[in-house]
Amino acid sequence: MLVNTRAIVISALKYGEADLIVKCFTEEAGLKTYLLRSILKSKKGKLRTAMFQPATQLEIVAMHKDKGTLESIREAKVLQPYLSLHTDILKSSIVLFLSEMLRNAIQEEEENRPLYAFLEHAFMWLDLHTHTANFHLLFLLELTKYLGFYPDTSNFNYSNFNLESGNFENVETLYSVSEENLDTLKTLLGTNFDALSELKLNQKRRAAFVNMLLSYYELHLHSFRKPKSLAVLSALFN
């Protein structure tokens, strides 16, 4: 079936001498994987390698056979050219980390328009703003809304957060979070990207909170793998 849809690039991997395997999160069909033949050698084709950098927002015409095999893209155009996302080293490192997280976390090939809208808005916000040191913290927390394990805030004032259950509790368990990580979590819950500049965290607290979130993802997502790009991001913030 020929489909016209908006799509956000998650990753692109070189395959053979001239091909790319590209994962996109599409508005119409969720996660899709495409084989782009000879794109690395082509100089006259409609598709260009630069279009398939992580987080690029595209409009594509694609052939979806929906048989569990690699799909194909017939046409593509960039919908939202970024101003700084791929040229600012800190932002590009954040994008690299988040794209690896998305590749590990999103598994279902099904329409999820609220998730698409969230990704679209988040990457545009990152492109246009300068206070970005805590962006990935809120991004990963907000992403859990669309993956099905956003923290239950019913008992928000309790003294611990249980990573396994996703609830605030007054009892301490093996999976309890307290003290600084709990304070950061409570600060981020219910806030938005525009308020991030008011959140003052040093590198140590930021790193501790990221590691807590990764543990949260591991507990709730089958076969989740911690991203290798975290080390690069941590070094830059350090």
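When the residues of the range 123-171 are filtered to those that are among the polar types (S, T, N, Q) and under 30 Å from Ile8 (Cα atoms), the one that is most open to solvent (accessible area, probe 1.4 Å) is Thr130.
Could you tell me which of the residues Ala231, Ala207 is free of Cβ contacts under 8 Å to residues at least 60 places away in the same chain, surrounded by fewer than 16 Cβ atoms within 10 Å (Cβ to Cβ), closer than 21 Å to Leu126 by Cβ and under 23 Å from the mean Cα position of the chain (by Cα)? Quick ask: steps written out before the conclusion?
Values: Ala207 fails: surrounded by fewer than 16 Cβ atoms within 10 Å (Cβ to Cβ).
Just one listed residue meets the conditions, Ala231.
Checked against the criterion of being without any contact (Cβ under 8 Å) to a residue 24 or more places away in the chain, at positive phi and loosely packed, with under 15 Cβ neighbours inside 10 Å, the candidates Glu179, Glu198 yield just one match: Glu179. Just to be sure before I move on: is Phe97 in contact (Cβ under 8 Å) with a residue 60 or more places away in the chain, buried (at least 18 other Cβ atoms within 10 Å of the Cβ), of a type in the set (Phe, Trp, Tyr) and at negative phi in the structure I sent? Taking the combined requirement at face value, the residue satisfies it.
Scanning the range 86-140 for residues that are within 10 Å of the chain's Cα centre (by Cα) and among the polar types (S, T, N, Q) returns Ser99, Asn104.
Just to be sure before I move on: is Ile89 modelled with pLDDT under 95, closer than 11 Å to Phe25 by Cβ and among the aliphatic types (A, V, I, L, M) in the structure I sent? No: the conditions fail for Ile89. Go through the residues of the range 145-155 one by one and say whether even a single one is closer than 18 Å to Tyr216 by Cα, of a type in the set (Phe, Trp, Tyr) and assigned to a loop (DSSP other than H, G, I, E, B). Looking for residues that are closer than 18 Å to Tyr216 by Cα, of a type in the set (Phe, Trp, Tyr) and assigned to a loop (DSSP other than H, G, I, E, B), one finds at least one in the range 145-155, hence yes. Does at least one position in the range 129-140 carry a residue that is touching a residue at least 12 places away in the same chain (Cβ under 8 Å), over 24 Å from Thr26 (Cβ atoms), out of contact with any Ser or Thr (no Cβ under 8 Å at 6 or more places or on another chain) and among the hydroxyl-bearing types (Ser, Thr, Tyr)? Looking through the range 129-140, at least one residue is touching a residue at least 12 places away in the same chain (Cβ under 8 Å), over 24 Å from Thr26 (Cβ atoms), out of contact with any Ser or Thr (no Cβ under 8 Å at 6 or more places or on another chain) and among the hydroxyl-bearing types (Ser, Thr, Tyr).
Looking at the range 118-139, is at least one residue touching a Gly at 6+ places or on another chain (Cβ under 9 Å), on the phi < 0 side of the Ramachandran plot and either acidic (Asp, Glu) or at pLDDT 95 or above (or both)? No: the range 118-139 contains no residue that is touching a Gly at 6+ places or on another chain (Cβ under 9 Å), on the phi < 0 side of the Ramachandran plot and either acidic (Asp, Glu) or at pLDDT 95 or above (or both).
State all residues of the range 47-79 that are part of a loop (DSSP other than H, G, I, E, B), of a type in the set (A, V, I, L, M), touching a residue at least 60 places away in the same chain (Cβ under 8 Å) and open to solvent by 30 Å² or more (accessible area, probe 1.4 Å); if no residue qualifies, say none. Reasoning before the result, please.
Within the range 47-79, the first condition is being part of a loop (DSSP other than H, G, I, E, B), and the residues that meet it are 47-48, 53-56, 64-70, 79.
Now narrow it down to the ones that are of a type in the set (A, V, I, L, M): 47, 55, 70, 79.
Filter again for touching a residue at least 60 places away in the same chain (Cβ under 8 Å), leaving 55, 79.
Result: Leu79, single match.
Of all positions in the range 2-24, none carries a residue that is touching a helix residue (DSSP H, G or I) at 6+ places or on another chain (Cβ under 7 Å) and either at pLDDT below 95 or on the phi > 0 side of the Ramachandran plot (or both).
Of all residues in the range 85-118, count the ones that are outside any loop (DSSP other than H, G, I, E, B), touching a Ser or Thr at 6+ places or on another chain (Cβ under 7 Å) and not charged (D, E, K, R).
Keep residues of the range 85-118 that are outside any loop (DSSP other than H, G, I, E, B), which gives 89-105, 113-118.
Among the residues that remain, those that are also touching a Ser or Thr at 6+ places or on another chain (Cβ under 7 Å) are: 90-91, 94, 96-97, 99-100, 103.
Still in the running and not charged (D, E, K, R): 90, 94, 96-97, 99.
Here the count works out to 5.
Please find, within the range 24-46, the residue that is farthest from Glu108 (Cα to Cα) out of those that are among the basic types (Lys, Arg) and surrounded by 14 or more Cβ atoms within 10 Å (Cβ to Cβ). Show your work before the answer.
Let us first name the residues in the range 24-46 that are among the basic types (Lys, Arg), namely 32, 37, 41, 43-44, 46.
Restricting the remaining residues to those that are surrounded by 14 or more Cβ atoms within 10 Å (Cβ to Cβ) gives 32, 37.
On the way: Lys32: 9, Arg37: 25 Å.
So the residue we want is Arg37.
Just so you know, in the range 1-23 the residues that are small (Gly, Ala, Ser) and farther than 18 Å from Gln80 by Cβ include one that is surrounded by the most Cβ atoms within 10 Å (Cβ to Cβ), and it is Ser11.
The values are calculated or read from the model by the stated rules, or taken from the named source; none is laboratory data. What you see is a predicted model, and the numbers here were worked out from it, not measured in a lab. In this analysis, Cβ positions are derived from the backbone assuming ideal geometry, glycine residues included, and neighbour counts consider all displayed protein chains. SASA here: full protein model, heavy atoms, side chains in, ligands and nucleic acids out. Shrake-Rupley method; radii C 1.70, N 1.55, O 1.52, S 1.80 Å.
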